Amino acid sequence: MYETLLISAMAGLATGLGGLIVVCFGKPSVKVLSLILGIAAGINIVIATVELLPAAVEHGNLFLMSAGFVFGIAIMSLIDRAIPNVNLLNGDRIGLDSARLIRAGILIAVALAVHNLPEGLAIGAGFEATHSLGAIIALAIGLHNIPEGMGAAAPLKMGGMDNKRIVLITCLAGLATPLGTFIGMLLMRLSAAFVSLSLAFGGGAIMYVVCKELIPESQRQHAQYAIYGMTLGFLITLILVFGEII
């Protein structure tokens, strides 16, 4: 359990790494950001469709897989509707008012924390299936947490917040990931069917993030580099999975 929680925490704290990058170097170029988002999208698509959903069927049946997948999408959709959508990978769009920038950055951090709970559940379900599946899910989630951390840190930096507080806030948002993993691991011990549901739930949650956030944002930043990144992430993950390297 401790190893699983540690790896989940590392994936979650990648949001803090994103915050640290903004603090030290400023916001990256649109090409670099699109490439990172594209790679994250490609990796997560393979993880959801090639690993999580088949594993859900293996640990349960088609009905449990379908129910968990739809539930994962539904929960992420409800979270999206409940939290105001403030897109600040381009923080300057909100204007130059410092208080408003800081409020927006904190709002994004809160949204990230809520989104990280079901992602943590996916990591726990992956480790419950196989160690390698849990590790690659954590890697994929960690990768897309980096630009998300940047998105929260950018308006905080522009609003004049202290650098240490920026890194602290983005790290705290990431700690929801191991919390989700811990809750999931407890629930999965109650019923074998919950393992199947959790794997499919994770697949649905990840696909929602890919389709709603990663792909549109990467395309909006720089479409060509988004395609390069997605292709690279997709192919590398397929090679790792089918080559049984992970």
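The values are calculated or read from the model by the stated rules, or taken from the named source; none is laboratory data. In this text, all values refer to a predicted model and were calculated from it rather than measured experimentally. Cβ atoms come from the backbone with ideal geometry, glycine included; neighbour counts cover every protein chain shown.
Being more than 12 Å from the chain's Cα centre (by Cα) and hydroxyl-bearing (Ser, Thr, Tyr) is the filter here; which residues of the range 166-207 pass it?
Selection gives Thr170, Thr181, Ser191, Ser196, Ser198.
Among Ile136, Ile141, which is closer than 14 Å to Val209 by Cβ, touching a residue at least 12 places away in the same chain (Cβ under 8 Å) and hydrophobic (A, V, I, L, M, F, W, C)? Please lay out each step first, then the result.
Numbers: Ile136 fails: closer than 14 Å to Val209 by Cβ.
None of the other options fit; the residue is Ile141.
Hey, which of the helices (runs of 4 or more DSSP H) in the range 1-48, taking only ones fully inside, have at least 1 residues that are modelled with pLDDT under 85, small (Gly, Ala, Ser) and under 17 Å from the mean Cα position of the chain (by Cα)?
Values: elements: 2-12, 14-25, 30-46.
Fully inside the range 1-48 and qualifying: 30-46.
Being within 13 Å of the chain's Cα centre (by Cα), in a helix (DSSP H, G or I) and modelled with pLDDT of 85 or more narrows it down to one of Gly134, Gly142, Gly124, so name that one.
Working: Gly134 fails: within 13 Å of the chain's Cα centre (by Cα); Gly124 fails: within 13 Å of the chain's Cα centre (by Cα).
None of the other options fit; the residue is Gly142.
Say whether the condition of being free of Cβ contacts under 8 Å to residues at least 60 places away in the same chain and out of contact with any strand residue (DSSP E or B) (no Cβ under 7 Å at 6 or more places or on another chain) is met by at least one residue in the range 12-24.
Scanning the range 12-24, I find at least one residue that is free of Cβ contacts under 8 Å to residues at least 60 places away in the same chain and out of contact with any strand residue (DSSP E or B) (no Cβ under 7 Å at 6 or more places or on another chain), so the answer is yes.
Yes or no: Val210 within 28 Å of Gly26 (Cβ to Cβ) and within 17 Å of the chain's Cα centre (by Cα)? Let's see the steps before the verdict.
Working: within 28 Å of Gly26 (Cβ to Cβ): yes; within 17 Å of the chain's Cα centre (by Cα): yes.
Yes, satisfied.
To keep it simple, each residue is scored yes or no on (1) surrounded by fewer than 24 Cβ atoms within 10 Å (Cβ to Cβ); (2) at negative phi.
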| residue | (1), (2) |
| --- | --- |
| Leu6 | yes, yes |
| Met10 | yes, yes |
| Thr15 | no, yes |
| Gly19 | no, yes |
| Gly26 | yes, no |
| Lys31 | yes, yes |
| Ile36 | no, yes |
| Val46 | yes, yes |
| Thr49 | yes, yes |
